[in-house]
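Below: one structure, written as structure tokens.
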Amino acid sequence: MNARWVGQDVPRVDGLEKVTGAARYTADVKLPRMLHAKVVRSPHPHARVRAVDLGKAARAPGVRAVASGQDFPFHVGIYLKDQTVFATDRVRFVGDAVAAVAAETPEAAEEAAALVEVEYEPLPALLDVRQGILPGAVLVHPQLGSYQKVPWITPEAGTNICNHLKVRKGDYEAALRGAAHVSENTFVVPQVQHVPMEVHVSAARVDLAGKLEVLTSAQSPFTVRHLLCACFNLSHGDVRVSVPQVGGGFGGKAGINLEPIATALALKIPGRWVRLLIDRAEEFYAAVVRQGLVATLVTGVDRQGKVVAQKMHYLWDCGAYGGYGVNVVRAAGYTCGGAYEFPNVCGDSIGVYTNRPVGSAYRGFGMQEIHWALEQQMDMVAHELGQDPVEFRLRNCLGPGKRTVTGQVLDEHAGRVDKCIHKVAEAFRRPLEEKPGLLRGRGLACAVKAPAMPNDAASSVLLKFCEDGVLEVLVSGIDYGQGLRTVAAQFAAEALGLPLHQIRVRNLPDTDLSPYDWQTVASRQTWATGNAVLKAAEKCKAQFFEMASQVLHAPVERLALEGGQVVDRGGQGSVPLTRMVMGYQFPDGHTIGGPVAAAAHHVPEGLLFLDPDTSQSAKPVAKWTFGAQGLEISVDPGTGQIQVDRVVACYDVGKVVNPGLIRGQTFGGVVQGLGTGLMEELKVDALTGRVRNASLVDYKIPTSEDLPGELEAHFVETPQADGPLGARGIGEHTMIPTPAALANALFDACGVRILDMPLTAEKVLRALQAKRAKE
Amino acid sequence: MLRRFEYTQARSVEEALALWQGSPDSRYLAGGTDLIPRARATGRAPARLVDVKAVPELDQVRALPDGGLSIGAAASVARVATAPEVRQRFPVLATCCQALGSYPLRQRATVAGNICNASPCADTAAALLDLDAVVVASGPRGVRRVSIHELFVGPGQTSLERGELVTAIELPAASAGARGQLGRLTRRQGVDIATVAVLVTVLPAGSLRHRVALLSVSPTPMRVAEAENLLDQKGPDGAAEAAAIARAACRPIDDVRGSASYRRDMVGVLLERAVHALAAERGGRGA
Ligand SMILES: Cc1cc2nc3c(=O)[nH]c(=O)nc-3n(C[C@H](O)[C@H](O)[C@H](O)COP(=O)(O)OP(=O)(O)OC[C@H]3O[C@@H](n4cnc5c(N)ncnc54)[C@H](O)[C@@H]3O)c2cc1C
């Protein structure tokens, strides 16, 4: 197809709405007679709940409903149902929900919440993931063996391990014995927060006929409905979940979050809307966070500089609940080797409960964390061998014909990390200018990620024409800035030859009205929804052709769609689409066809489960997106501060659907990556389990003033066989390699290695001082 | 959560004082950028807020007959940072104002609020300490003039008496023309409280007297007289020695922004750099 719309730098279709403030977010929606909810949260990291007395709170002024674990001892969780709506027998982190109240005003709710009396019996807390796997460790979930789960995760009853994925390929032990050089290092990544502009907010109402309606800031309306039904034992027919505009999610609004608490309160007071809007502090300690990681890598290389043996031991700090996090653990397992071909592999990805904030999905789904380890390790080994890190990577990287850690042989459609490395290395040929008083350096890191989703994760769409020929495209993925609405419009315009202004993407998904979509996660929307739009467009086209064939007395094979008309390529005739969108009426009045509309879906094809003992699988995931980033930095040897001067990013995206949007994704990802690389860390007090920096004063993320001096985005286009016009996912990948590239640049600049993220000025300075002391 | 409070607005200093007296738990409100977030975070609000922004005389930045400058308590940080009198004659204060918070924040925040809040990291305090400012306060017992050096008592604590309203901050004529260098270390480039800040100021040509102020390394913003004396004697050659003195004089703590030992080290590094930058600047101007 000679693309006219796909590949063009068209502006966002929802840009005007967002910049004018017309866009409505959940908290903007004025709900009639709405009550305000407040959650009572545990002050203890680990305690038995002896008693919860709601009496005083229930009698407080303005209070309309109270609820606790006694009323709703129901389990919830997307992959592992290890959490209850409210704590029942014990609390597992500072912030665990114990009870909630709904009142006429936020103030009344807060005052009443303070009147809830909870009797705790504090228990020893597990706050360090490394201790969680030791014999005799405090058990966070003694009932682990009894929880419901999906078949493809493997919790170990009687331990803190909520999932363990083993990857065994070749003969690691033998290969290691034969290695010419062996290197072992341990890397640490702290828990971090998503920090979306819009905090979590959910509202619920049970109407007097018994129907539950939920309005929520979420990435997955259908999954929220599904999990709510499972939790409260409701029929999907009686639950409606809708999502207004979402002000950022980054994984933190995937799965299910505040919805069960809002629903529990709503069930207590039928007819009233109950809205739970948490505050920024709660967002930091009570909403989900990214999991922490302790990664130990062992690399054995031969004399030529080829890795022959690779061991990867990933210990994930899942926090108090692993409902979603267990799948991060799994994804990190089957991707444990990153962008490289390792012939002999021993990989273990282990999820461990602790009494810390709850881990969950976060842009990259474990990949930035493991790349922090993998990409530094590759650099370290290259330097130990006296080899150029770029050459060393090229010698060992994946590519067509190479085997991943799970034994999948990549084909020619898989994307080319080698080309991305070359592109970055080329940009690096420019000499690094000296800057007085600063140490300059550059570093590179690669990235890979596959979508982590169930094998049947679906996206569906509905296309329907209006009377005037405007095409409505209903999609149920969430567009929180990545540009789904715009690319959906581009694909529809492309397939039907319509101008973009004649297309409206209807995208405030409502499970009562919108087509099914599993979740907006895993960098899957452009790919999955894009495919579904193309398929539905073909079906619309077929309906037009069927009518036109009768109107023009021409066989369907002779028809073509051109400039808003169906044209008979063999004869003279043509019919405008506008004459057919509601069916075609002949001059004598008889009518054929009808309103043109079509539904279609996309489901990944041919995915196969992993072998339970070795994780080998010929096709464990739908696609891989590879890339590389190079960073040039300046280090201040007096303060340890790092200034990022230049970032060069290159990804093999199959097809650039929209150059402006993909640049935006790349720059945004890089800056988010710099945030985690340079400054972000949830500081959890080692004694009390409290988050010490639960505010935007104390937890910093980058602002526009932290943008690198130069940012370049390059793209390779090796078409994805099952991608819409060859496109594959990119949303998460842009932040995966950034911290590792930063650490490698730091080493290049001043010869120090820091293995625990983030690279704060203080750590850099101390490392420099330690190095000077040794010299 | 922000608790309910009574909001009142004064039109004159007298009215402000009277409104304050009218409730047992009153607070003056300027930009509110410290007061309101704190009330929200702690869940405790004063019973009554007395807004002083509408008092006309508090809004002025004006030259004093003796060559000094008076900054009204309701003048915003942005206004002070850009006022020609400040930029030309007291550029050190403009520099510190410019370092505070973000563009929108500076439109609301006031210099008076910054020092009355008495945080160890109050940016404008560094300039006011170096320039020997005087705080003018009106209270139930009349008007008082308090040296900035006597204002700060501890974190969040000043020597102002109950009910005293700061009406103006005065910069003495003797400080006019002073030049300074601010070294300010933050975790990110913009909108961050200083992990450490060091302001080194040289009083106008002729005297070449030094001033050294430190932020975020002791319970209050502080000056280091001993380091100043040394710089007065040795000039830039004394930078390293002055740095050592300042490192010893400060009393930093560990917190989420940085450790005490890192802060102490940075006091030295920033001080030396500021001294050399000042010398280079003077050299460049041929003074
Ligand atoms: C996002 C953000 C970033 C910030 N960044 C910085 C920063 O980088 N550096 C920094 O120093 N500060 C920073 N601050 C803190 C704050 O903005 C400043 O301290 C500001 O100058 C306070 O002034 P205000 O007018 O808002 O004071 P207010 O909040 O109105 O008052 C502060 C205190 O002073 C009292 N007060 C005010 N005026 C008077 C008066 N005339 N007489 C007696 N008492 C009075 C009040 O009762 C209150 O106790 C930041 C704040 C925020 C919200």
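The values are calculated or read from the model by the stated rules, or taken from the named source; none is laboratory data. What you see is a predicted model; the values in this text were computed from it and never measured. Every residue, glycine among them, receives a Cβ derived from its backbone with ideal geometry; neighbour counts consider all protein chains shown.
For the structure I just gave you, tell me whether residue A:225 is outside the structural domain of residue A:349 (by TED's automatic domain parsing), among the basic types (Lys, Arg) and assigned to a strand (DSSP E or B).
no
Filter segment B:17-38 down to the residues that are among the charged types (D, E, K, R), within 9 Å of the ligand (Cβ to nearest atom) and not in a helix (DSSP H, G or I) and list them by number.
B:27, B:34 - these are the residues of segment B:17-38 that are among the charged types (D, E, K, R), within 9 Å of the ligand (Cβ to nearest atom) and not in a helix (DSSP H, G or I).
Look through A:86, A:74 and report the one residue that is closer than 30 Å to residue A:457 by Cα and surrounded by fewer than 22 Cβ atoms within 10 Å (Cβ to Cβ).
After ruling out the rest, the residue left standing is A:74.
Report, ordered by the first and then the second residue, all pairs with beta carbons closer than 7 Å, sequence separation of six or more or different chains, a first member in segment B:180-209 that is more than 12 Å from chain A (Cβ to nearest Cβ) and within 16 Å of the ligand (Cβ to nearest atom), and a second member that is modelled with pLDDT of 95 or more and assigned to a loop (DSSP other than H, G, I, E, B).
B:194/B:121; B:194/B:186; B:194/B:216; B:197/B:216
For segment B:86-99, name all the residues that are surrounded by fewer than 24 Cβ atoms within 10 Å (Cβ to Cβ), within 13 Å of the ligand (Cβ to nearest atom) and free of Cβ contacts under 8 Å to residues at least 60 places away in the same chain.
Answer for segment B:86-99, where residues must be surrounded by fewer than 24 Cβ atoms within 10 Å (Cβ to Cβ), within 13 Å of the ligand (Cβ to nearest atom) and free of Cβ contacts under 8 Å to residues at least 60 places away in the same chain: just B:98.
One line per residue, one yes/no per condition, for (1) assigned to a loop (DSSP other than H, G, I, E, B); (2) more than 25 Å from residue A:377 (Cα to Cα); (3) free of Cβ contacts under 8 Å to residues at least 24 places away in the same chain; (4) out of contact with any His (no Cβ under 9 Å at 6 or more places or on another chain):
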| position | (1), (2), (3), (4) |
| --- | --- |
| A:93 | yes, yes, no, no |
| A:108 | no, yes, no, no |
| A:115 | yes, yes, no, yes |
| A:119 | no, yes, no, yes |
| A:145 | no, yes, yes, yes |
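If you check residue A:594 against the conditions, is it away from every other protein chain (no Cβ under 14 Å), out of contact with any strand residue (DSSP E or B) (no Cβ under 8 Å at 6 or more places or on another chain), more than 25 Å from residue A:420 (Cβ to Cβ) and not basic (Lys, Arg)?
no
Please go through (1) within 8 Å of the ligand (Cβ to nearest atom); (2) within 14 Å of chain A (Cβ to nearest Cβ); (3) assigned to a helix (DSSP H, G or I) for residue B:41 and return the number of the only condition it doesn't satisfy.
Answer for residue B:41: the failing condition is (1).
Pairs please, first residue from segment A:520-534 and surrounded by fewer than 24 Cβ atoms within 10 Å (Cβ to Cβ), second anywhere and among the aliphatic types (A, V, I, L, M) and at pLDDT 95 or above, Cβ atoms under 6 Å, 6+ apart in sequence or on different chains.
Every condition considered, the pairs that remain are A:534/A:495.
Suppose we keep only residues that are touching a residue at least 40 places away in the same chain (Cβ under 8 Å) and more than 18 Å from residue A:446 (Cα to Cα) within segment A:725-752. Which one would you say is nearest to the chain's Cα centre (by Cα)?
Looking at the filtered set, the residue picked out is A:727.
Return the only residue of B:147, B:159, B:218, B:138 being of a type in the set (S, T, N, Q), away from the ligand (no atom under 13 Å from the Cβ), at pLDDT 95 or above and in the same structural domain as residue B:109 (by TED's automatic domain parsing).
B:147
Has segment B:221-230 got any residue that is in contact (Cβ under 8 Å) with a residue 12 or more places away in the chain, crowded, with 23+ Cβ neighbours inside 10 Å and within 14 Å of chain A (Cβ to nearest Cβ)?
Scanning segment B:221-230 turns up no residue that is in contact (Cβ under 8 Å) with a residue 12 or more places away in the chain, crowded, with 23+ Cβ neighbours inside 10 Å and within 14 Å of chain A (Cβ to nearest Cβ).
Scan A:179, A:209 and give me the residue that is under 30 Å from residue A:309 (Cβ atoms) and in a loop (DSSP other than H, G, I, E, B).
A:179
Checking residue B:48 against (1) within 12 Å of the ligand (Cβ to nearest atom); (2) within 14 Å of chain A (Cβ to nearest Cβ), only one condition comes out false. Which one?
Here residue B:48 clears every test but (2).
Among the residues of segment B:3-36, how many are surrounded by 14 or more Cβ atoms within 10 Å (Cβ to Cβ) and within 14 Å of chain A (Cβ to nearest Cβ)?
Final tally of qualifying residues: 5.
So which of B:212, B:275 is part of a strand (DSSP E or B), among the hydrophobic types (A, V, I, L, M, F, W, C), in contact with a Leu (Cβ under 8 Å, 6 or more places away or on another chain) and away from the ligand (no atom under 16 Å from the Cβ)?
Being part of a strand (DSSP E or B), among the hydrophobic types (A, V, I, L, M, F, W, C), in contact with a Leu (Cβ under 8 Å, 6 or more places away or on another chain) and away from the ligand (no atom under 16 Å from the Cβ) holds for just one of B:212, B:275, which is B:212.
Can you pull out the residues in segment A:727-764 that are among the small types (Gly, Ala, Ser), in a helix (DSSP H, G or I) and either surrounded by fewer than 20 Cβ atoms within 10 Å (Cβ to Cβ) or touching a Phe, Trp or Tyr at 6+ places or on another chain (Cβ under 9 Å) (or both)?
Those that are among the small types (Gly, Ala, Ser), in a helix (DSSP H, G or I) and either surrounded by fewer than 20 Cβ atoms within 10 Å (Cβ to Cβ) or touching a Phe, Trp or Tyr at 6+ places or on another chain (Cβ under 9 Å) (or both): A:740, A:743, A:761.
Is it the case that segment B:89-102 has a residue that's touching a Phe, Trp or Tyr at 6+ places or on another chain (Cβ under 9 Å) and not β-branched (Val, Ile, Thr)?
no
Look through segment A:693-713, keep the residues that are surrounded by fewer than 16 Cβ atoms within 10 Å (Cβ to Cβ) and in contact with a strand residue (DSSP E or B) (Cβ under 8 Å, 6 or more places away or on another chain), and return whichever of them is nearest to the other protein chains (Cβ to nearest Cβ).
Result: A:709.
Does any residue of segment B:5-13 turn out to be within 8 Å of the ligand (Cβ to nearest atom) and under 23 Å from the mean Cα position of the chain (by Cα)?
No, there is no match, as no residue in segment B:5-13 is within 8 Å of the ligand (Cβ to nearest atom) and under 23 Å from the mean Cα position of the chain (by Cα).
When residue B:154 is evaluated against the numbered criteria (1) within 19 Å of residue B:12 (Cα to Cα); (2) more than 13 Å from the chain's Cα centre (by Cα); (3) small (Gly, Ala, Ser), which criterion, by number, is the only one it fails?
Condition not satisfied by residue B:154: (1).
Looking for whichever is closer than 24 Å to residue A:288 by Cα and surrounded by 13 or more Cβ atoms within 10 Å (Cβ to Cβ) here; the options are A:130, A:168. Which one fits?
A:130
Just to be sure before I move on: is residue A:666 surrounded by fewer than 16 Cβ atoms within 10 Å (Cβ to Cβ) and hydroxyl-bearing (Ser, Thr, Tyr) in the structure I sent?
No: the conditions fail for residue A:666.
Out of the strands (runs of 3 or more DSSP E) lying entirely within segment B:149-198, which hold 1 or more residues that are of a type in the set (D, E, K, R)?
B:165-171, B:179-185
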